[in-house]
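In what follows, a single structure is set out as structure tokens and then discussed.
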Amino acid sequence: MNTLQNRRVLLIDDMPTIHEDFRKILMPHAPAKSALDATRAALFDDEIKCVAAPFDVDSAHQGPEGLAKVVDSLAAGRPYAMAFVDMRMPPGWDGTETVERLWQADPRLQIVICTAYSDASWEEVLARLDARDRLLILKKPFDNVEVLQLANALTAKWELTQRATSQIDHLEEAVQERTRKLSDANAALQAQMHERKRLESQLVQSEKLASIGQLAAGVAHEINNPIGYVCSNFGTLESYLAHLFEMLAAYEGAEPRIESPELVAELRGLRDRVGLDFLKDDVPALMRESSEGIARVRQIVQDLKDFSRVDSAQEWQWADLHQGIDSTLNIVASEVKFKADVVKDYATLPQIECLPSQLNQVVMNLVVNAAHAMGCERGRITIRTRAEGDDVLLEVADTGSGIAPENLSRIFDPFFTTKPVGQGTGLGLSLSYGIVKNHGGRIDVTSQLGHGTTFRVVLPVRRPAPGPDALSAARPRASEAAVRD
Ligand SMILES: Nc1ncnc2c1ncn2[C@@H]1O[C@H](COP(=O)(O)OP(=O)(O)OP(=O)(O)O)[C@@H](O)[C@H]1O
Ligand SMILES: [Mg+2]
């Protein structure tokens with residue numbers, strides 16, 4: 001690669017004869033400028049043959065003119081490779097100022113300062129220009145070959161510098177491209193690791209919940225039978241008691257007709273001893289309370305069954321979200337009741353196609369988290385539902401501690417918890433996130449430190465079209481299969 005492209009040279013000198021001399025040296029085949037030149041050339045034959053491509057020489061007679069040419073050449077995309085600049089060009093800029101300005105316009109320009117004077121302030125000049133690698137000094141009177149070789153060497157240097165710079169640019173681009181690819185690959189890897197961790201934790205958590213569900217289902221089943229016959233016997237007992245009271249009233253009505261005063265006194269004594277009047281009042285009250293108690297136990301059993309959905313397979317079904325929320329609230333009542341009031345703000349909702357027990361887990365995680373966020377003061381947990389087009393919205397808002405901004409982006413990460421060891425696994429929200437995602441929905445959070453937090457869950461009314469994710473969600477995993485048994 002020795003084809004030198006840019007042979008453009010600018011000469012800035014206030015002496016017109018110098019221009020003629022340079023042209024003769026650098027452009028020997030250019031038409032002679034004058035008859036005198038032609039004669040001189042013929043007589044002295046002082047032309048030096050150019051060994052490389054010819055130079056393209058431009059002339060300027062003062063610094064500003066030279067600067068204008070440099071600026072124009074750059075604008076035209078034909079920069080000069082080098083310039084010869086005279087040191088003294090009265091009345092305008094001297095060589096130093098000219099060079100300074102030229103470099104401001106084009107820092108790549110190679111420059112030779114030409115001077116006839118032995119100037120004592122060269123150090124100053126060099127210090128001021130501060131670009132010694134692009135500057136040479138040529139003392140007059142100069143030899144033609146000096147000029148020619150300076151031009152050859154500096155135009156070649158300009159060319160090589162250009163090539164080196166563009167290679168460095170390419171290299172930098174290549175490095176940047178490679179760095180970008182590496183960081184993309186790194187980000188993809190991180191995302192994969194994150195997703196894997198989330199899936200693992202989801203599995204752990206759903207297995208944990210599956211066994212809780214199984215336990216709950218077992219307990220519910222065991223209680224269900226005895227509570228069934230207690231309830232039915234209780235109904236019979238109530239009607240027997242009504243008969244007994246009727247009978248008692250008849251006996252009491254017949255009492256005045258008893259003739260034996262001893263028997264009457266004995267009956268009165270007995271009535272006083274057993275407190276018959278009190279019994280008549282209290283027995284119905286006791287029956288009423290017991291009946292309420294039995295009804296509550298039945299409700300709890302029903303909630304447990306609803307919550308774990310033991311009586312239905314883990315299959316997509318149309319379900320009432322409010323019913324799921326209510327049964328979940330009953331299950332977590334003991335976690336919540338001493339810490340906060342629960343306010344229900346329900347809208348009329350359509351049934352939604354979902355995996356109900358999974359949505360119950362979400363509600364449970366959100367409500368328990370809200371209860372845990374309460375401080376010493378009793379707070380409020382508002383559960384709001386809305387229908388929004390083809391979606392339903394479920395909001396769990398609390399007046400608790402709020403979440404620090406630096407934690408906000410991490411709360412859905414598996415194992416992220418701010419709770420003391422043993423109190424939180426940090427899996428609740430990551431599991432909830434996975435469940436909502438499987439339902440084709442989204443979950444987001446807003447929080448104000450010291451004021452409270454609101455989680456918003458948006459779920460489509462209809463199950464999302466089964467993609468690869470949804471298919472795997474619909475396929476029961478080992479843990480889910482266990483819940484069904
Ligand atoms: N309503 C809330 N108010 C304040 N902080 C919350 C709330 N909900 C979640 N957080 C923060 O997010 C963290 C992660 O919650 P997540 O439910 O995933 O785990 P956890 O509650 O710590 O443990 P567990 O696995 O038992 O649910 C919590 O430790 C808590 O710092
Ligand atoms: Mg939690």
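The values are calculated or read from the model by the stated rules, or taken from the named source; none is laboratory data. No experiment lies behind these values; they were computed from the predicted model shown. Here Cβ is always computed from backbone atoms with ideal geometry, including for glycine, and neighbour counts include all displayed protein chains. When the accessible area is computed, the model is the full protein with side chains, heavy atoms only, and any ligands, DNA or RNA have been set aside. Shrake-Rupley method; radii C 1.70, N 1.55, O 1.52, S 1.80 Å.
A few comments on the model shown:
- Subset of segment 417-432 (residues that are among the hydrophobic types (A, V, I, L, M, F, W, C) and either more than 8 Å from ligand 1 (Cβ to nearest atom) or under 16 Å from the mean Cα position of the chain (by Cα) (or both)): VAL421
- ASP398 being within 8 Å of ligand 1 (Cβ to nearest atom), at pLDDT 95 or above, surrounded by 16 or more Cβ atoms within 10 Å (Cβ to Cβ) and of a type outside the set (Gly, Ala, Ser): yes
- Filtered residues of segment 140-198 (kept if among the small types (Gly, Ala, Ser) and either in contact (Cβ under 8 Å) with a residue 60 or more places away in the chain or within 29 Å of ILE18 (Cα to Cα) (or both)): ALA151, ALA153, ALA156
- One residue from THR399, THR382, THR348, THR418 being hydroxyl-bearing (Ser, Thr, Tyr) and within 26 Å of LEU203 (Cβ to Cβ): THR418
- Scanning segment 430-441 for residues that are open to solvent by less than 20 Å² (accessible area, probe 1.4 Å) and either assigned to a helix (DSSP H, G or I) or not assigned by TED's automatic domain parsing to the domain that holds LEU393 (or both) yields SER430, LEU431, SER432, GLY434, ILE435, VAL436.
- Some residue of segment 161-175 being surrounded by 18 or more Cβ atoms within 10 Å (Cβ to Cβ) and of a type in the set (Ser, Thr, Tyr): no
- Of all residues in segment 402-429, those being of a type in the set (Gly, Ala, Ser) and exposed (fewer than 14 other Cβ atoms within 10 Å of the Cβ) number 3.
- Top-ranked residue in segment 311-326 [being at pLDDT 90 or above and of a type in the set (S, T, N, Q); ranked as least open to solvent (accessible area, probe 1.4 Å)]: GLN317
- Members of segment 408-419 found to be within 13 Å of ligand 2 (Cβ to nearest atom) and of a type outside the set (Phe, Trp, Tyr), listed by number: ILE411, ASP413, PRO414, THR417, THR418, LYS419
- Some residue of segment 279-288 being open to solvent by 90 Å² or more (accessible area, probe 1.4 Å), at pLDDT below 95 and in contact with a helix residue (DSSP H, G or I) (Cβ under 9 Å, 6 or more places away or on another chain): no
- Segment 265-378 holds helices (runs of 4 or more DSSP H) entirely within its bounds, and those carrying 3 or more residues that are β-branched (Val, Ile, Thr), in contact (Cβ under 8 Å) with a residue 40 or more places away in the chain and in the same structural domain as ASP398 (by TED's automatic domain parsing) map to 276-308.
- Any chance ARG463 is open to solvent by 60 Å² or more (accessible area, probe 1.4 Å) and away from ligand 1 (no atom under 12 Å from the Cβ): yes
- All of LEU126, LEU138, LEU148 fail the test of being under 60 Å from the mean Cα position of the chain (by Cα) and surrounded by 11 or more Cβ atoms within 10 Å (Cβ to Cβ), apart from LEU126.
- Residue check, GLY450 in contact (Cβ under 8 Å) with a residue 40 or more places away in the chain, away from ligand 2 (no atom under 12 Å from the Cβ) and in the same structural domain as GLY400 (by TED's automatic domain parsing): yes
- Checking segment 361-376 against the condition returns a match, with at least one residue being away from ligand 1 (no atom under 14 Å from the Cβ) and open to solvent by 60 Å² or more (accessible area, probe 1.4 Å).
- Complete set of residues in segment 216-242 that are touching a helix residue (DSSP H, G or I) at 6+ places or on another chain (Cβ under 7 Å) and of a type in the set (D, E, K, R): GLU238
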